[in-house]
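The values are calculated or read from the model by the stated rules, or taken from the named source; none is laboratory data. Only a predicted model underlies this, so the values are computations on that prediction, with no experimental measurement involved. Reconstructed Cβ throughout: ideal geometry from the backbone, glycine too, with neighbour counts over all protein chains shown.
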Amino acid sequence: MAAVETMVRVGKAAHGRGVFAKRAIRKGTLVGLVQGKVIDDAEYYSDYCIDLGGTLSLEPKTPFCYLNHCCEPNCQLLLTEKRNKDGSLAPSTVHVKTLRGIKLGEELTIDYAWDSVKPLRCLCGAASCRGWIVAVNHVFDKSTAY
C-alpha cells in the first residue's frame with residue numbers, strides 16, 4: 001500500500017473541508033489506515049468519530065477526519081477485527097477502501113449511514129440522495145431532525 005501522503009490531500013470542499021485524490025486510484029485500493037484515538041464510552045459522540053462496535057469509537061486524525069458523506073460514495077470504511085496476544089479482542093483497525101476508480105482531484109466520500117435520532121439534512125447532490133444523512137432503510141421522525 002502506498003503512503004497516504006502520496007494518495008490524498010485535505011482541501012476545500014463544497015461544505016467545509018474534504019479529502020481529495022492526489023493521483024488516480026484504482027477500484028479496491030486501500031487508500032490508508034485511519035489513525036486516531038480509541039475511546040471506550042458508549043455515550044461518546046463527536047462530529048468525526050467512527051463507531052467500532054460495542055462501546056468503542058475512533059476519533060480519527062487528519063486526513064480521514066475530513067471524509068465527507070455522500071449517498072453515492074466512492075469509498076467505504078473497512079473494519080478489521082484484531083486480537084491481543086492473550087486472544088481477547090482488540091480495537092478494530094479501520095482502512096479507507098475505494099469502491100470504484102477515483103480520478104485525480106476527485107473528492108473521496110463515504111456513506112455515513114447514521115442510525116441517528118436527530119439526522120442532518122443531506123446536501124451531497126447525488127442523483128439518489130436520500131435527503132438525510134441516515135442509513136438507507138432507517139425510518140425516523142423528520143420533526144426531530146436538525
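(1) touching a residue at least 40 places away in the same chain (Cβ under 8 Å); (2) surrounded by fewer than 18 Cβ atoms within 10 Å (Cβ to Cβ): which one isn't true of residue 18, the others all being true?
Condition (2) is where residue 18 drops out.
When segment 23-55 is examined, which residues are found to be farther than 21 Å from residue 82 by Cβ and either modelled with pLDDT under 95 or surrounded by 15 or more Cβ atoms within 10 Å (Cβ to Cβ) (or both)?
Those that are farther than 21 Å from residue 82 by Cβ and either modelled with pLDDT under 95 or surrounded by 15 or more Cβ atoms within 10 Å (Cβ to Cβ) (or both): 25, 29, 43, 45, 46, 47, 48.
Hey, among the residues in segment 2-12 that are modelled with pLDDT under 95 and loosely packed, with under 15 Cβ neighbours inside 10 Å, which one's farthest from residue 90 (Cα to Cα)?
6
Quick check on residue 96: is it modelled with pLDDT of 85 or more, assigned to a strand (DSSP E or B) and under 25 Å from residue 129 (Cβ atoms)?
yes
Any residue at all in segment 114-130 that's over 25 Å from residue 9 (Cα atoms), at pLDDT 85 or above and not in a loop (DSSP other than H, G, I, E, B)?
The answer is yes; a qualifying residue exists.
Given the conditions (1) in the same structural domain as residue 15 (by TED's automatic domain parsing); (2) of a type in the set (Val, Ile, Thr); (3) at pLDDT below 90, report the number of the one that residue 144 does not fulfil.
So residue 144 meets the others, but not (1).
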